[in-house]
Amino acid sequence: MTNPTRFSFFPAPAEGETAYSWIARYHLMSGHASFRANTMALLGVLHGRASNEFPSFLPQLSVAADMPLSTIIHHMTPYRFYATFLPEKLCQMLNAGLSTGQTRNLQSTIGTVSNRMTPGQQMYSCRHCIKEDIDEYGFPFWHLLHQLTGVVSCSRHHELLHAVPRIQSQAMLPKSFIERPSNAMEDRYVTLIQDMHTQQNNMLSKQQCLLTYRRRLYEMKILTPQQRIRFQQLRELIGSRLKGVEVGVGAFDHLKQQLSNAQFPECLFYQAHGNHHPLKHLVLIDALFESWHEFTVEVNKIYMPLEAQPVVISERKQSIELSHKAQALLRSGGSLRAVSKEVGVSVSTLKILAQRAGIKIDCRPSKVFTGIERAIWRLLMLGEKTSDIAFKFGISVGSVEKVLSKHPELVILRKQIWFYQRRKFHRSAILTHMVHNPTVTRKLIGLALGASYIWLYKHDKEWLYVHLPPEIPRSKRFQIKGGR
Ligand SMILES: [Zn+2]
């Protein structure tokens, strides 16, 4: 109840909103005359850019809004975007800087300045998202996922993001501007970057990444048996993809130039101790692995003890049944690892199969699990089936349900999503049938599409009766029947 600051109220943040956006909205709602002299002063910020991607007011914001500082850092700033590829020490410095408000030198600390990929002094928005946000929340806001370096388009609406200059002393919210549709390659990079940001919660060691890159290069025959990288070939591969991003879009021009000067991707391998912008890693990962998921599967193999490596690699392509032998071993209390080795099915697949067969196994949430919890939450929010999510992440359905049980509001939301999906399906079944059979009667529709008819009758009666062909008057029913 007691708020130790001078803030009398604070709006709730929107899902995926940046810290700056949040405070800008507070300012606009509060009716303060000046963003700088009133709102920022209330937060104790007298200098520094409020709109910076690493703002200096997070500790005060945490108190004012009564939200844990770590939540703000992890979910309302691009902290995780940078932390994934940062050495541990720098990562701690970044976290400490954000936690204490000492953010002035953070960009140079993490090396984005020396990488010459300092995020432009711009903020990005998508007009379609703005419209949806206004419909859903009642206000537009800055999406964190749109502000990550390399994110040039909206992955949902396939249009380039609109850029506006960051203004030091103004509380700005995005406004709607038309941009050109984005192309497939631009969207590909954006999806990769956003997947990384959403799914990756822990740092990857340099050694771990380089080993994974080299292993894939070897498989692609770009690494010679003498362990030399055929850079010419690798540059051509990356170049063929970078070419897909139009000139002048985002930070990609700089990478294209480095590629033609043979600085990139060489730097990732030769200056392994240097600090490289996440986008460099991501562009290489796109060329070698196609998706973030594929890369993480490979990267995680590196740290798995040898005996626990999955034996069956193409498991996802086959539909695997739990063999009698595996069932018997599991039921007699055999550990997942031991049984996996014995029957040649990976631990994650085995876990799912055992779960499906109703065999109780020790499903303690793993370290990886806490890392992907947010990604799971997102899919749950989109209405994906728990079994599909479990399969995607190689965990048990029970683990996914555990995440779901932490968010009771999602249960209601998912029911609504499914309801609308079903309604859309049944409505369009009826309408399509009527288009193809212009003279069809109510009764015949009921016969041909019984399930849809009954579902709509039960849940959407008003719509059904408005859209069905008009009822035949009782007096004429006999004539029509007779006429057939
Ligand atoms: Zn959008």
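Here segment 130-182 was treated as a single set of alpha-carbon atoms; its pair distances binned every 5 Å from 0 give 4, 17, 27, 29, 17, 6, 0 percent. Assuming R0 = 22 Å, what is the FRET efficiency of HIS254 and ILE178, from their Cβ-Cβ distance, to the nearest 0.05? Step by step, r from the Cβ atoms, then E = 0.25. Evaluating kT/(6 pi eta Rh) at 37 °C and 0.692 mPa s, with the Kirkwood radius of segment 19-184 over Cα pairs in the Stokes-Einstein relation, gives 197 µm² s⁻¹.
Computed from backbone phi with θ = phi - 60° and the Karplus coefficients 6.51, -1.76 and 1.60, the 3J(HN,Hα) list for segment 80-85 is 5, 4, 7, 5, 3, 9 Hz; x is used for glycine and proline. Using a probe of 1.4 angstrom and keeping all protein chains present, the accessible surface of the chain works out to 53 square angstrom per residue. Take THR432: with every protein chain present and a 1.4 Å probe, its accessible area is about 70 Å².
Available extension along the chain between PHE9 and GLN92 is 26.7 nm, counting 0.36 nm per residue and deducting the alpha carbon span. State the answer as a single residue: which of MET76, GLN107, HIS146 lies farthest towards the positive end of the charge dipole of segment 19-184, with beta carbon charges of +1 for Lys and Arg and -1 for Asp and Glu, about the Cα centre. The one lying farthest along the dipole's positive direction is GLN107.
Net charge dipole, segment 204-303: roughly 340 debye, given to the nearest 20, about the Cα centre with Cβ charges of +1 for Lys and Arg and -1 for Asp and Glu. Go through GLY333, LEU173, TRP22 and say which Cα lies farthest out towards the positive end of the charge dipole of the chain; charges sit on Cβ, +1 for Lys and Arg, -1 for Asp and Glu. In the chain, that residue is GLY333. Using just its DSSP H runs of length 4 or more, each adding -39500 (n - 2.57), the chain gives a mean residue ellipticity at 222 nm of -16500 deg cm²/dmol after division by all residues.
With respect to the cross-link table entries LYS341/LYS392; LYS206/LYS256; LYS424/LYS458; LYS89/LYS206; LYS256/LYS280, which display a Cα-Cα separation exceeding 19 Å? Over 19 Å apart, Cα to Cα: LYS341/LYS392; LYS206/LYS256.
Among the protein heavy atoms of the chain, carbon and sulfur supply 56% of the accessible surface, probe 1.4 Å, non-protein parts ignored.
For the chain, averaging the sequence separation of C-alpha pairs within contact (under 8 Å, six or more residues apart) and dividing by the residue count gives a relative contact order of 11 percent. Under conditions of 25 °C and 0.890 mPa s, the chain yields 94 µm² s⁻¹ as its translational diffusion coefficient, taking Rh as the Kirkwood radius over Cα pairs in the Stokes-Einstein equation.
The values are calculated or read from the model by the stated rules, or taken from the named source; none is laboratory data. If you're wondering where the values come from, they're calculated on a predicted model, not measured in any experiment. Heads up, the Cβs are rebuilt from the backbone with ideal geometry, glycines too, and the neighbour counts pull from every protein chain shown. Please note that ligands, DNA and RNA were not included when accessible areas were found on the heavy atoms of the full protein model with its side chains. Shrake-Rupley method; radii C 1.70, N 1.55, O 1.52, S 1.80 Å.
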